[in-house]
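Colleague: This is the structure, below, for whatever I ask next.
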Amino acid sequence: KMVPGATIAKDPKVTVVKGSEACWLFVEITETNNTFGDNNAKCLSYDVQAPWQKVDGTNNVYYTTVDATTAAKGAEYPVISSVTVNPDMTNADMDKAEENHPTLTFTAYAIQKDGFATPEAAWDEINPTP
């Protein structure tokens with residue numbers, strides 16, 4: 001249940017399965033119905049955890065690298081640990097948010113590290129611009 005100012009624990013993770021190759025690992029965070037009020041403030045806010053870093057030129061894509069040793073063993077990479085409900089939301093905003101269901105969707109991508117010098121080049125290969 002959303003309450004203004006509340007922090008809600010979350011644990012989305014990206015998993016690299018055992019036996020994988022060294023790779024660029026990406027997570028794309030899509031926000032749906034996550035604004036309220038005339039200024040379109042966010043209903044839910046979050047902080048992306050280390051080792052994730054923002055891909056230059058994107059608003060919602062983060063990356064990390066996975067070396068060959070770690071990929072061979074497999075690993076989990078937490079993305080966020082919680083979301084915070086905007087403390088400025090009024091009862092009317094909360095009613096609207098419950099009706100619209102603010103949603104954060106996490107989509108993971110991986111591509112072998114060999115052949116790409118930068119995360120931007122690897123991301124462009126995964127998600128080419130039309």
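Colleague: So which of ASP38, ASP11, ASP56 ends up being touching a residue at least 24 places away in the same chain (Cβ under 8 Å), more than 18 Å from VAL83 (Cβ to Cβ) and charged (D, E, K, R)? Even if it seems obvious, please write down each step before you answer.
Modeller: Values: ASP38 fails: touching a residue at least 24 places away in the same chain (Cβ under 8 Å); ASP11 fails: more than 18 Å from VAL83 (Cβ to Cβ).
Among ASP38, ASP11, ASP56, only ASP56 is touching a residue at least 24 places away in the same chain (Cβ under 8 Å), more than 18 Å from VAL83 (Cβ to Cβ) and charged (D, E, K, R).
Colleague: Sticking with this one: How many of the residues making up region 96-128 are among the aliphatic types (A, V, I, L, M) and either more than 19 Å from ALA22 (Cα to Cα) or buried (at least 16 other Cβ atoms within 10 Å of the Cβ) (or both)?
Modeller: Pass one, region 96-128, residues among the aliphatic types (A, V, I, L, M): 97, 104, 108, 110-111, 117, 121-122, 126.
Within this subset, residues satisfying the condition of being either more than 19 Å from ALA22 (Cα to Cα) or buried (at least 16 other Cβ atoms within 10 Å of the Cβ) (or both) are 97, 104, 110-111, 122.
Counting residues in region 96-128 that are among the aliphatic types (A, V, I, L, M) and either more than 19 Å from ALA22 (Cα to Cα) or buried (at least 16 other Cβ atoms within 10 Å of the Cβ) (or both) gives 5.
Colleague: Tell me which residues, restricted to region 2-31, are in a loop (DSSP other than H, G, I, E, B), of a type outside the set (Ser, Thr, Tyr) and at negative phi.
Modeller: Step one: filter region 2-31 for residues in a loop (DSSP other than H, G, I, E, B), giving 2-6, 10-12, 17-22.
Next, only the ones that are of a type outside the set (Ser, Thr, Tyr) stay: 2-6, 10-12, 17-19, 21-22.
If the condition is that a residue be in a loop (DSSP other than H, G, I, E, B), of a type outside the set (Ser, Thr, Tyr) and at negative phi, then MET2, VAL3, PRO4, ALA6, LYS10, ASP11, PRO12, VAL17, LYS18, GLU21, ALA22 are the ones that fit.
Colleague: When you scan region 58-75, how many residues do you find that are part of a loop (DSSP other than H, G, I, E, B) and open to solvent by less than 20 Å² (accessible area, probe 1.4 Å)? Even if it seems obvious, please write down each step before you answer.
Modeller: Taking region 58-75 as the starting set, the residues that turn out to be part of a loop (DSSP other than H, G, I, E, B) are 58-60, 67, 74.
Filter once more, so that each one left must be open to solvent by less than 20 Å² (accessible area, probe 1.4 Å): none.
Total meeting the criteria: 0.
Colleague: Report, by residue number, each residue of region 17-42 that is charged (D, E, K, R) and surrounded by 13 or more Cβ atoms within 10 Å (Cβ to Cβ).
Modeller: GLU21, GLU28, GLU31, LYS42
Colleague: Kindly indicate the residue of region 32-55 that is over 18 Å from THR107 (Cα atoms), in a loop (DSSP other than H, G, I, E, B) and not small (Gly, Ala, Ser) and also nearest to the chain's Cα centre (by Cα) among those meeting that condition.
Modeller: Looking at residues that are over 18 Å from THR107 (Cα atoms), in a loop (DSSP other than H, G, I, E, B) and not small (Gly, Ala, Ser), I get CYS43.
Colleague: Sticking with this one: What residue, among those in region 91-111 that are without any contact (Cβ under 8 Å) to a residue 12 or more places away in the chain and over 22 Å from ILE29 (Cα atoms), is nearest to the chain's Cα centre (by Cα)?
Modeller: Going through region 91-111, the residues without any contact (Cβ under 8 Å) to a residue 12 or more places away in the chain turn out to be 91-92, 95, 99.
Next cut, over 22 Å from ILE29 (Cα atoms) only: 91-92, 95.
Details: ASN91: 28, ALA92: 28, ASP95: 26 Å.
So the residue we want is ASP95.
Colleague: Same structure, new question: How many residues are open to solvent by 50 Å² or more (accessible area, probe 1.4 Å) and either of a type outside the set (A, V, I, L, M, F, W, C) or outside any helix (DSSP H, G or I) (or both) if we restrict to region 76-95?
Modeller: Here is the first cut: in region 76-95, the residues open to solvent by 50 Å² or more (accessible area, probe 1.4 Å) are 76, 78, 81, 87-88, 90-92, 95.
So of that shortlist, the ones also either of a type outside the set (A, V, I, L, M, F, W, C) or outside any helix (DSSP H, G or I) (or both) come out as 76, 78, 81, 87-88, 90-91, 95.
Selection size over region 76-95: 8.
Colleague: Next up: Could you tell me whether any residue of region 43-57 is surrounded by fewer than 14 Cβ atoms within 10 Å (Cβ to Cβ), in contact with a Gly (Cβ under 7 Å, 6 or more places away or on another chain) and more than 20 Å from VAL16 (Cβ to Cβ)?
Modeller: The answer is no; no qualifying residue exists.
The values are calculated or read from the model by the stated rules, or taken from the named source; none is laboratory data. Just so you know, these numbers come straight off a predicted model, no measurement behind them. Cβ sites come from the backbone with ideal geometry, for glycine too, and all protein chains shown count toward neighbours. For the accessible areas, the whole protein counts, side chains as well, though only heavy atoms, and no ligand, DNA or RNA atoms are used. Shrake-Rupley method; radii C 1.70, N 1.55, O 1.52, S 1.80 Å.
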